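Visitor: Structure incoming, see below.
The values are calculated or read from the model by the stated rules, or taken from the named source; none is laboratory data. Given the structure is predicted, the values throughout are model-derived calculations rather than measurements. Neighbour counts run over all protein chains shown; Cβ positions are idealised from the backbone, glycine included.
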Amino acid sequence: MQRRKKQEQDKEFEEKVLYIRRVSKKTTGGNSISFSALVAIGDGKGKAGIGLGTGKEVPQAIRKAIAQAKKNTVVIPIFNDTLPHDIYLKYKSARLLLKPAPPGTGLKLGGVVRIILDVAGVNNASGKVIGSRNQITNAYAVMTAIRQLKPRIVSESKKTEPSLKQEKKEAEPVVEKSPPVKSANKEEKKPKKSPATKKVKKETPVKKAKKTASKPKAKSTKKTTK
């Protein structure tokens, strides 16, 4: 029991068998049977890898696959427990689409893709695999897509700027400012002139309107009747 606990504590990666197949080959003496195993490993913090091993027995094939997966690990640039951006990829006959998802969505993926992202530590994602049902091809398609992901860089928000300014103000020593001293060299302001000294504008004489001679009224030409 103690040996098993020590072995579990020493394990860096979580191991999950994705696929096991039985391979038979015709030979002169009869059929030779072997097994191939596809294994995914991950540390739950963004590191994942897959390996394919073959052997005469299943445990031997799994051990070889784990050793190969540890040599071919890839780091996923996780952003807020999801992928940093969308990605569309065509690998052999498989077409793969991966998209980030908001928190609480979970892994809306199927087959091998779900297991690889789960082992790597991605909690929210969505996507689709089209064109191939071969799990080995789909697993290698996922790994090539992970290698093409780029980390997401977020600029500092404006909300943090005032807090930084406050910290700078607190760090700076407070110096009391002395009142400004008036320089004696400055010219004294000239006294304002009294209203009596102001120049009085000469009033312009108003031209008298010429009286138009009134014309005599015309005499009435009506005759008085007796």
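Visitor: Would you mind finding the one in GLY51, GLY46 that is at pLDDT 95 or above and either closer than 18 Å to ALA145 by Cα or among the polar types (S, T, N, Q) (or both)?
Guide: That would be GLY51, the only listed residue that is at pLDDT 95 or above and either closer than 18 Å to ALA145 by Cα or among the polar types (S, T, N, Q) (or both).
Visitor: Let me ask you something else. Mind telling me which of the residues LYS64, LYS71, LYS45 ends up being surrounded by fewer than 16 Cβ atoms within 10 Å (Cβ to Cβ), over 25 Å from ALA125 (Cβ atoms) and not assigned by TED's automatic domain parsing to the domain that holds ALA120?
Guide: Being surrounded by fewer than 16 Cβ atoms within 10 Å (Cβ to Cβ), over 25 Å from ALA125 (Cβ atoms) and not assigned by TED's automatic domain parsing to the domain that holds ALA120 holds for just one of LYS64, LYS71, LYS45, which is LYS71.
Visitor: From the list LEU149, LEU109, exactly one residue is within 20 Å of LYS47 (Cα to Cα), at pLDDT 90 or above and in contact with a Pro (Cβ under 7 Å, 6 or more places away or on another chain). Which is it?
Guide: That would be LEU149, the only listed residue that is within 20 Å of LYS47 (Cα to Cα), at pLDDT 90 or above and in contact with a Pro (Cβ under 7 Å, 6 or more places away or on another chain).
Visitor: Has the range 51-59 got at least one residue that is closer than 30 Å to ILE33 by Cβ, under 31 Å from the mean Cα position of the chain (by Cα), surrounded by 16 or more Cβ atoms within 10 Å (Cβ to Cβ) and not small (Gly, Ala, Ser)?
Guide: Checked against the condition, which is being closer than 30 Å to ILE33 by Cβ, under 31 Å from the mean Cα position of the chain (by Cα), surrounded by 16 or more Cβ atoms within 10 Å (Cβ to Cβ) and not small (Gly, Ala, Ser), the range 51-59 yields no hits at all.
Visitor: Starting from the range 128-152, keep only residues that are on the phi > 0 side of the Ramachandran plot, then list their pairs with residues that are surrounded by 14 or more Cβ atoms within 10 Å (Cβ to Cβ) whose Cβ atoms are within a distance under 8 Å, requiring at least 6 positions of separation or different chains.
Guide: Close Cβ pairs satisfying both conditions: GLY131/ALA94; GLY131/ARG95.
Visitor: Looking at SER132, SER34, which is the one that is assigned by TED's automatic domain parsing to the domain that holds GLU15, among the small types (Gly, Ala, Ser) and not in a helix (DSSP H, G or I)?
Guide: Going through SER132, SER34 in turn, just one is assigned by TED's automatic domain parsing to the domain that holds GLU15, among the small types (Gly, Ala, Ser) and not in a helix (DSSP H, G or I): SER34.
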